[in-house]
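Engineer: Handing you a structure now.
The values are calculated or read from the model by the stated rules, or taken from the named source; none is laboratory data. Note that the structure is a prediction, hence the values are computed from the model and not measured. Methodologically, a virtual Cβ is constructed for each residue, glycine included, from the backbone with ideal geometry; neighbour enumeration extends over all protein chains shown.
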Amino acid sequence: MKKRLNIFCVCMIAAFLLSVSGNVYMLVKVFINGVEIGMKAAQGETIDIPEYKMAHILPTDMMETTGTVTNLKDGKQLAIKPLTTLIECPYTHSNSWLEALQGIIGLIVLVGFIYATIYFAKLIIHINRNIVFDWINVKHLRCIGWSMVGICVLSYISVWISSHQLAQSIELAGGELNILITFSDSTLILGFVALLASEVFAIGLRLKEENELTI
């Protein structure tokens, strides 16, 4: 039974790391590109850095071309229907206050991921040590749950800001900005699952304590 528990613990850790791997990969790429731009600027090269905003797009007409990509096999342009993409936002419609807010939100989300990861690791360690039905695990589950709910809410706000800024300056052919796609992310569901599990653990522990007092 302990071997099976260890296997499930490893699977849970792997699944959690995979769930955040996309965001981590994007942050690493942005960091590397930033270093390259900084090195070119230090050499005196003038670089015009475009500003990109993340957008969620729903196709309004499947027959219209929303965007194109180049097929390197034959050099032809292929139509695409992006659902989640980065779109260049004109500087003329940028808002420094909103951009600063998005930066703060991004930092808080990163801290939230680290916070949730730490408590997730603590939970796995306790379960691996056969410390399962304990109030400390209730605390860990609540920390994980509220962290993931908070991450989802803040991410939704950030996407809304990006969509609002883009809507002021661009209009897409065959597609419309729609932030409802944000809710397809499983982070919110996983957060509430963790909170539900914490309440189940709490109810079980209260019943156990009441039975011990009765006896």
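Engineer: What residue, of Phe201, Phe183, is of a type in the set (Phe, Trp, Tyr), crowded, with 18+ Cβ neighbours inside 10 Å and part of a helix (DSSP H, G or I)? Lay out the reasoning, then the answer.
Structural biologist: On the way: Phe183 fails: crowded, with 18+ Cβ neighbours inside 10 Å.
Within the list Phe201, Phe183, the selection yields Phe201.
Engineer: Within the stretch 31-60, take every residue that is loosely packed, with under 11 Cβ neighbours inside 10 Å and part of a loop (DSSP other than H, G, I, E, B) and give me the one that is modelled with the highest pLDDT.
Structural biologist: Residue satisfying both the conditions and the ranking: Gln43.
Engineer: Which residue pairs have Cβ atoms under 7 Å apart, sit 6 or more places apart or on different chains, and have a first residue in the stretch 154-177 that is free of Cβ contacts under 8 Å to residues at least 24 places away in the same chain and a second that is surrounded by fewer than 19 Cβ atoms within 10 Å (Cβ to Cβ) and in a helix (DSSP H, G or I)?
Structural biologist: Trp160/Ile179
Engineer: If you don't mind, there's one more thing I want to ask. Return yes when Val200 is closer than 30 Å to Cys11 by Cβ and within 19 Å of the chain's Cα centre (by Cα) and no when it is not. Spell out the reasoning first.
Structural biologist: Values: closer than 30 Å to Cys11 by Cβ: yes; within 19 Å of the chain's Cα centre (by Cα): no.
Judged against the criteria, Val200 is not a match.
Engineer: Looking at the stretch 203-215 only, could you name the residues that are among the hydrophobic types (A, V, I, L, M, F, W, C) and within 38 Å of the chain's Cα centre (by Cα)? Working first, answer last.
Structural biologist: To start, the set of residues in the stretch 203-215 that are among the hydrophobic types (A, V, I, L, M, F, W, C) comprises 203, 205, 207, 213, 215.
Ile203, Leu205, Leu207, listed by residue number.
Engineer: Could you pull out the residue among Thr85, Thr66 that is surrounded by 13 or more Cβ atoms within 10 Å (Cβ to Cβ), closer than 15 Å to Leu177 by Cβ and modelled with pLDDT of 75 or more? Show your work before the answer.
Structural biologist: On the way: Thr66 fails: modelled with pLDDT of 75 or more.
Of Thr85, Thr66, the one residue that is surrounded by 13 or more Cβ atoms within 10 Å (Cβ to Cβ), closer than 15 Å to Leu177 by Cβ and modelled with pLDDT of 75 or more is Thr85.
Engineer: Please go through the stretch 139-170 and give me each residue that is outside any helix (DSSP H, G or I) and in contact with a strand residue (DSSP E or B) (Cβ under 9 Å, 6 or more places away or on another chain), ordered by number. Give the steps one after another, and end with the answer.
Structural biologist: As a first pass, look at the stretch 139-170 and keep what is outside any helix (DSSP H, G or I): 168-170.
Selection gives Ile170 alone.
Engineer: Could I ask something else about it? Considering only the stretch 129-138, I want to know if a residue exists there that is closer than 30 Å to Arg4 by Cα, in a helix (DSSP H, G or I) and in contact with a Ser or Thr (Cβ under 7 Å, 6 or more places away or on another chain).
Structural biologist: Applying the first criterion (closer than 30 Å to Arg4 by Cα) to the stretch 129-138 yields 129-138.
Subsequent filtering for residues that are in a helix (DSSP H, G or I) retains 135-138.
Then drop every residue that is not in contact with a Ser or Thr (Cβ under 7 Å, 6 or more places away or on another chain), which leaves 138.
There is at least one residue in the stretch 129-138 that is closer than 30 Å to Arg4 by Cα, in a helix (DSSP H, G or I) and in contact with a Ser or Thr (Cβ under 7 Å, 6 or more places away or on another chain).
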